[in-house]
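The values are calculated or read from the model by the stated rules, or taken from the named source; none is laboratory data. Being a predicted model, the structure only gives us computed values, none of them experimental. All Cβ positions, even for glycine, are placed from backbone atoms using ideal geometry, and neighbour counts span all protein chains on display. Each accessible area value is taken on the protein alone, full model and side chains, heavy atoms only, with ligands, DNA and RNA left out. Shrake-Rupley method; radii C 1.70, N 1.55, O 1.52, S 1.80 Å.
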Amino acid sequence: MSLEHMTREAPPAVKFDPSTAEFDVNPYPMLERLRAQPALPYWEEGRGWLLCRYEDAIAVLRDNKRFTANRSVWEFDAELGLTHQIPELAELSQYGLFALADADHARVRKLVSPALTPRAIERLRPEIQAIVDEILDGVEAKGTVNVVAEIADLIPARVIGSMLKIPKGREVQFQRFTDAMIKNFVPGLVCAREVEAMRPDIAGGLELIRETVEDRRRHPQEEDILTTLIRTEERGDSLNAQELLSLVAALIVGGFETTVHLISFTVYNLLQRPEVLAQVKAEPELSRNVIEEVLRFDNFGKMGLARYALEDVELGGVTIKKGQLVLVMLNSALRDEGTFSSADVFDVRRHTNASIAFGHGVHYCIGANLARLEVQLAVSTLVRRFPRMQLLGPPSFGPHPVLRKMESLEVQLRPQ
């Protein structure tokens, strides 16, 4: 069946355009309209269903029997699938955590999870604090600073590089690789011309990962997550070479761009609320609550988590056909009044276990603990060192298919 024929038979579509500047600045009026639809809306341009209510989001994220994160089952994968457009990613996609069968997924995840538990990540606190301090030392003398480019962009790259002991000087290449991978996180949103332009960055990043792994084989290091994973693969009993490559790539991709944005959005939301900033100064431990509320209230994600139906499923008043894409819109679900009281109010003292900002179920983000610690240290140190800092204006955003990509956030560090 041709792509044109399949698209023509798609369900009645809803008007949804996440590419506008207005959506980057404030997506919530549009998301509220989508939540109010009596049945699940279908987004024709994205070729998928939009799951905007919390109850529907949880239902899909918990249902591993009828929904999968493996995009190879997508009805348009043959024409628009990433590995079709970028053959270099075939191996990475086949052995990635999203693609592995349940038993293999659990096995591989179990191998890396001990290095990313709260206790294990807490041991990195002094190292991450030193990185944050060094970066802030570099802007100390400046009157104003672009928080995105001069602070947030630098911290995750240094942290992941330190964790995996990647030689300095390669951060930019890894960031270009990460940017290309994240732009293709939701299939079919990037045009063929742009995908082709990304291929050198993806190929270069994969080659750099292979070089890093091979260098670590020759020069193993103690108490090193990469050395531990390599030794597991070399024993041949738990992890194969392809899974190792995919796992290291996932750690790098997951540890860069999303953490950059969480730092930037947290600083922005904090500085535009003087009363909250005052509370954090008085109670530094509240910085953790600020991060969780930013993830819920002003999520940097533009699009949702992609899932694909393994069979026909009745949900939200529609029939989702086998092979169809559903986008779990976390940004909308986390503003659902049915789950979060006063959902449109930023409440730094909100206590809830309902947040799905880092996903839910078997694909819960393995790097969530690391991201939280990085952002907590970055924001709390900024507040401590520059307690009078102020916004100089609203942030600016750049085009991006899946993120509200904040490009500039100008802050005066020591206002007169």
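I need the trypsin sites (Lys or Arg not before Pro) found in region 311-416, filtered to DSSP loop residues with at most 12 other beta carbons within 10 Å of theirs.
Filter output for region 311-416: Arg349, Arg388.
Pop a pseudo-label 7 angstrom from the Cα along the beta-carbon direction at both Cys365 and Arg384 and give the gap in nm to one decimal.
Label-label distance for Cys365 and Arg384, simple model: 2.4 nm.
What is the extension gain from Ser162 to Lys65, computed as 0.36 nm multiplied by their sequence separation minus the C-alpha to C-alpha distance, in nm to one decimal?
31.1 nm
Can you give the FRET efficiency to the nearest 0.05 for Ala78 and Val318, using r as the Cβ-Cβ distance and R₀ = 22 Å?
The formula returns an efficiency of 0.35 here.
Could you compute how much accessible surface Asp102 exposes when probed at 1.4 Å, giving the result in Å² to the nearest 10?
120 Å²
Given H placed 1.01 Å from N in the peptide plane, which residues other than close sequence neighbours of Gly48 have an amide H under 5 Å from its amide H?
Here Trp43 satisfy the definition.
Normalised by the number of residues in region 165-252, what is the relative contact order in percent for Cα pairs under 8 Å and 6+ residues apart?
In percent, rounded to a whole number, it is 27.
When only C-alpha pairs under 8 Å and at least 6 residues apart count, what is the relative contact order of the chain, in percent?
27 percent
Once every Cα of region 149-308 carries one equal point scatterer and solvent is ignored, give the base-10 log of I(q)/I(0) from the Debye formula at q = 0.12, 0.15 Å⁻¹, two decimals.
-0.67, -0.95
How long is region 62-212 along each principal axis, judged by its Cα atoms, biggest number first, in Å?
Cα extents, longest axis first: 54, 39, 31 Å.
Within the accessible area of the chain, what % is carbon and sulfur when the probe is 1.4 Å and the other protein chains stay in place?
Heavy-atom surface of the chain belonging to carbon and sulfur, 1.4 Å probe: 52 percent.
Specify, per residue and in Å³, the volume enclosed by the convex hull of the alpha carbon atoms belonging to the chain.
139 Å³
If I model a spin label at Ala197 and Lys110 as a point 7 Å from the Cα along the Cα→Cβ vector, what separation in nanometres do I get?
About 4.5 nm separates the two model spin labels.
Return the Cα extents of region 206-273 along principal axes one, two and three, sorted largest first, each rounded to a whole Å.
53, 23, 22
What percent of all Cα-Cα pairs in region 265-378 falls in each 5 Å bin, counting up from 0?
Calculated P(r), rounded to whole percents: 2, 10, 18, 20, 18, 13, 7, 5, 4, 2, 0.
Is the C-alpha gyration tensor of region 349-416 telling us rounded, prolate or oblate? Criteria: a/c under 1.5 is rounded; beyond that, a/b larger than b/c is prolate, otherwise oblate.
It comes out oblate by the Cα gyration axes.
At a probe radius of 1.4 Å, what is the per-residue accessible area of Glu407, in Å² to the nearest 10?
In the full protein context, Glu407 sits at about 90 Å².
On average, how much area does the Cα convex hull of region 334-377 cover when viewed from any direction, in nm²?
Average of the hull's projected areas for region 334-377 equals 3.8 nm².
By accessible area of protein heavy atoms, probe 1.4 Å, what ranking do Ser341, Ser264, Ser408 get, highest first?
Reading off the accessible areas and sorting them downward yields Ser341, Ser408, Ser264.
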